[in-house]
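The values are calculated or read from the model by the stated rules, or taken from the named source; none is laboratory data. From a predicted model like this one, the values you see are computed outputs, not experimental measurements. Because the Cβ atoms are built from the backbone with ideal geometry, glycine has one as well, and the counts that use them run over all protein chains shown.
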């Protein structure tokens, strides 16, 4: 890992801070580079910082009985584990880089202080965390019913968000996608082939293009 400082990406929540408050927050932060497969958050570690993803893609895992379950992803501009960041106890999930990542690490005490003295920022953060909790509850309810198609469709739509384009070069193998989503390599290959036959995607080797985002969105929601 390499610690560097550089101008922060534009996050939606920064518009609720004064220039002085934003500078104060950035001056106390540090940007950390992670390689692919690096552990950003280890399950069981203490919640002591606020993490935001500036570049890359991260998977969120829950480990129980020696088995990892991927329950979500963080992409560029997202907080990583924001709902658990203020609990001041052990985190019940891990975060792992599935592409090279840059993570902005903020001072939690300063973050809490800004929430306390800036009402607009406080309301925005509470609203954001409420929305995240709602999404998390929905995912937990549907997790056990999600099939390979739903998981893969969600994964591909997240990649479109990361790359900012329907066309991309996949940064991982079919086996790595399978391990990330918790399905067999054969199941992922078959599902990719089905998506291609149905005209949802075009794929050749690691070159992939999403042709029908709405169809993938429907599969992700219903799968």
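Side notes on the structure shown:
- Contact map, the range 124-139: residues that are in the same structural domain as residue 112 (by TED's automatic domain parsing) paired with residues that are modelled with pLDDT under 75 and part of a helix (DSSP H, G or I), Cβ distance under 7 Å, separation 6+ or inter-chain. Pairs shown: 129/83; 132/83; 133/83; 136/83.
- Boolean, residue 192 is closer than 15 Å to residue 73 by Cβ and touching a strand residue (DSSP E or B) at 6+ places or on another chain (Cβ under 9 Å): no
- Residue in the range 201-218 that is modelled with pLDDT of 95 or more and on the phi > 0 side of the Ramachandran plot present: no
- Filter result (exposed (fewer than 13 other Cβ atoms within 10 Å of the Cβ) and modelled with pLDDT under 90) within the range 166-183: 169, 173, 175
- When the range 9-25 is filtered for residues that are surrounded by 15 or more Cβ atoms within 10 Å (Cβ to Cβ) and more than 19 Å from residue 128 (Cβ to Cβ), only 24 remains.
- Test result for residue 35, surrounded by fewer than 20 Cβ atoms within 10 Å (Cβ to Cβ) and modelled with pLDDT under 85: no
- For the range 53-86, a residue qualifies if it is modelled with pLDDT of 80 or more, on the phi > 0 side of the Ramachandran plot and either in the same structural domain as residue 181 (by TED's automatic domain parsing) or crowded, with 20+ Cβ neighbours inside 10 Å (or both), and exactly one does: 56.
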